[in-house]
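K.L.:
Below is the structure I would like to discuss, written out as structure tokens.
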Amino acid sequence: MNRYVTAERALRAAAPHELLDAVRRVLVEQYGALSVDLLMADYGLTVLQPVSVLPHTAEPVSAHNSVAGRAFGAQEPVVEPVCDGRVRVHLPVSVRGDRLGVLSVTLSHKSGVRELLGELSDIAEVLGHEVVVAERDTDIYLQARRKDRLTLAAEMQWQLLPGRSCSRAEYDLAAQLEPAYAIFGDNFDWSATADHLMLYVTNGMGEGIEASLLTNLAINALRNARRAGLAIDDQAALADQAVYAHYRGRCYLSVLMFDFDLATGRAKVVDAGSPQMLRLRGGTVEHVTFEAQLPLGMFEETDYVAQEFRVEPGDRLVFVSDGVYAVADPKGEVYGDVALVRAIQATRLLPAAEVPRAILRELTGHRGRSVPDDDALVVCLDWHGI
């Protein structure tokens, strides 16, 4: 345990850009590691990119078809035998369910490795927390996440997001956007307290910088109202006023808003536009509709009314933007509810964190081309209750 404490202290004392050097030094000195690499999941969740100091780079590995990718997907340590009796241990680097990447540690021999997995996993967890804090002061870890250059609009959108997944005893929550490196206006946001989870699923209007600016204005207006302690319908009303005051109805934003009571599963819902929700309950998928209200900023001083909704333990909720359900294949056939139901059934055994990218991969097959014409957003919420 003293070795773990040494590693923890070294990470907390390290400069933001030196976290990998710090953990590498401790693992070499305290555990006899031969090599240590930190791989960050890219924005598209397709590869794991080694952290290195630019302009130096190293080859990425697949997030799907590699040993490190197996550790990332399963969120469990994986021990990989290598030559001369050595082993490489791949450890998930995550923060409260948000999957950041993998720490790969090569050790000189396999004896005793199983007994070390708990300690090494704890070190990887501490590293994840320090990376999140360090990203306020350095770009190294953000740069490592990109296998391609982000558009400016995409840069703005990713910086606006709370994370890509999170876990608590009451729920598991995950989301993914496409095209990851060129998204426009689709967005998601969430915030939790001891008693409540608030979730917003946003379908932006327009393209490029204009779409990103509109979404940034609306999301920050919603956050401002939420942080003032306002109810969800009043949050919608104040965000509506902010968007209308700036655009005067020329641009507006669709959003589906939830305020879940964690103790009871009861939720208040404001449906202001096009995002849709499907529910998997007891093996059956159904489309859940709410009373449609006007998008934010379409007209001046719109009044919003919250509806009642209840989620039960074991429910899976899947939220999608129109870039998912309205996508057409090369023959013009729309993806629609039937295909969505099939995709949700096909992914029912996957953890919530894996569902968005799995559905988006199937959507790519339907679309018949890798680059979509519109943003596509999938959010998955598994409700466990308490």
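K.L.:
Mind listing the long-range amide H neighbours of Val327? Cut-off is under 5 Å, sequence gap 5 or more, other chains count too, H placed in the peptide plane at 1.01 Å from N.
P.N.:
Close amide H contacts, sequence-distant or interchain: Tyr335, Gly336.
K.L.:
Would you mind telling me the share, in percent, of accessible area of segment 293-386 contributed by carbon and sulfur at probe 1.4 angstrom?
P.N.:
C and S atoms contribute 55 percent here.
K.L.:
Using the Cα centre of the chain as the reference point, and only Cβ charges (+1 on K/R, -1 on D/E), how large is the resulting charge dipole? Debye, rounded to the nearest 20.
P.N.:
I would put it at about 1000 debye.
K.L.:
State, as an integer percentage, the relative contact order of the chain based on alpha-carbon contacts under 8 Å between residues 6 or more apart.
P.N.:
Once normalised by length, the contact order is 14 percent.
K.L.:
With angles folded into 0 to 90 degrees, how steeply does helix 208-227 sit against the dominant principal axis of the chain? Use alpha carbons for both and round to 10.
P.N.:
90 degrees
K.L.:
May I ask you to list the aspartates and glutamates whose Cα is less than 16 Å away from that of Lys331, ignoring any residue fewer than eight positions away on the same chain?
P.N.:
Qualifying aspartates and glutamates at Cα under 16 Å: Asp373.
K.L.:
So, with a 1.4 angstrom probe, what is the percent of accessible area on segment 1-145 that is carbon and sulfur?
P.N.:
Details: 3460 of 6970 Å².
The nonpolar share, carbon plus sulfur, comes to 50 percent.
K.L.:
Please determine, in degrees from 0 to 90 and to the nearest 10, the orientation of helix 232-247 with respect to the longest principal axis defined by the Cα atoms of the chain, where the helix direction is its Cα long axis.
P.N.:
Helix 232-247 sits roughly 80 degrees off the main axis of the chain.
K.L.:
I would also like to ask the following. So, for the chain, what is the accessible surface per residue at a probe of 1.4 Å, expressed in square angstrom?
P.N.:
44 Å²
K.L.:
Using only Cα atoms and rounding to the nearest 10 degrees, what angle (0 to 90) does helix 19-31 make with the longest principal axis of the chain?
P.N.:
40 degrees
K.L.:
To the nearest 20 debye, what charge dipole does segment 297-386 have about its Cα centre, counting +1 at the Cβ of each Lys and Arg and -1 at the Cβ of each Asp and Glu? Walk me through the numbers before you get to the answer.
P.N.:
Working: 9 positive and 16 negative charges, 140 e Å.
That gives a dipole near 680 debye.
The values are calculated or read from the model by the stated rules, or taken from the named source; none is laboratory data. All values derive from a computational prediction rather than experimental measurement. Methodologically, a virtual Cβ is constructed for each residue, glycine included, from the backbone with ideal geometry; neighbour enumeration extends over all protein chains shown. For the accessible areas, the whole protein counts, side chains as well, though only heavy atoms, and no ligand, DNA or RNA atoms are used. Shrake-Rupley method; radii C 1.70, N 1.55, O 1.52, S 1.80 Å.
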